[in-house]
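Enquirer: Right, I'll just put the structure down here and ask away after.
Computed from the coordinates by the stated procedures, all read-outs in this text should not be read as laboratory data. Values in this document were obtained by computation on a predicted structure and should not be read as measured data. Counting neighbours? That spans all protein chains shown, and the Cβs are built from the backbone with ideal geometry, glycine included.
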Amino acid sequence: MSDSIVTARLVEAAFAIVEPTILLMMEAGQVKRRSFHIVVPVPRTAPSYSILYEKSIGKKEEWEASFDEIARSKSAITWRTGLSSSYIAHCAPHLLEMNDTIFWGSDILDELVTAGSGVEPYYDEMFSGMNNLAIRALCKHRHTSDVNRVREMGKYLLSDA
């Protein structure tokens, strides 16, 4: 495991920012179903792929498909290639491997990967992008707080704090 400041707890906090929007869109009927699964693997700077955080919305027993498995596959594709699953599906299907999902709906931002499944692929992608932005914002907030604390201590490295 890397020493990334992106932790499961931070990602959970990020999704807590995004989840109300997903629920509002579900309640308003703006998405085609009330089922969604999100997967966030470790950042691509980690030595290997592993899932850091995942969460389901809706009753799994009522799901029309295995949205959790589809989201995991989307996240693995994006983590492996460094490209969104939309790009892979539309422009680079030659990068798909056997047993990869045929569906798209992930986002990559500064080596952060989030994948979603359960609603329309463009909304899966949007919710994934929103989650990545929330993760990055929380990391920036933490970094700013750490920098200020380190400066107050007269230090120059986060490891000195």
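Enquirer: Report the Cα centroid-to-centroid distance between segment 89-125 and segment 13-62 in angstrom, as an integer.
Expert: With segment 89-125 and segment 13-62 each reduced to a Cα centre, they are spaced 14 Å.
Enquirer: Show me the helices of the chain, taken as full DSSP H stretches, that run 24 Å or more along their long axis by Cα and average 1.0 or above in Kyte-Doolittle hydropathy.
Expert: 8-27
Enquirer: Which value results for Rg/Rh of segment 1-62 when Rg is the Cα radius of gyration and Rh the Kirkwood radius based on the inverse mean 1/r?
Expert: Using only Cα positions, Rg/Rh for segment 1-62 is 1.07.
Enquirer: Sum -39500 (n - 2.57) across every DSSP H segment of at least 4 residues in the chain, then divide by the residue count to get the 222 nm mean residue ellipticity, nearest 500.
Expert: The per-residue figure over the chain is -15500 deg cm²/dmol.
Enquirer: Once the principal axes of the Cα atoms of segment 8-160 are found, what is the range along each, listed largest first in whole angstroms?
Expert: Sorted largest first, the three principal extents are 56, 38, 24 Å.
Enquirer: Just to be sure I follow the rule: in the chain, considering lysines 8 or more places apart or on different chains, how many pairs have Cα atoms under 28 Å apart?
Expert: The result is 10.
Enquirer: If you don't mind, there's one more thing I want to ask. If the convex hull of the alpha-carbon atoms of segment 65-148 is projected onto planes in all directions, what is the mean projected area in square nanometres?
Expert: Convex hull of Cα atoms, orientation-averaged projection: 5.6 nm².
Enquirer: Let me spell out the model: positive unit charges on the Cβ of Lys and Arg, negative unit charges on the Cβ of Asp and Glu, origin at the Cα centre of the chain. What dipole size does that give, in debye rounded to 20?
Expert: 380 debye
Enquirer: Beyond 16 Å, what percent of the Cα pairs of segment 27-108 remain?
Expert: Percentage above 16 Å: 54.
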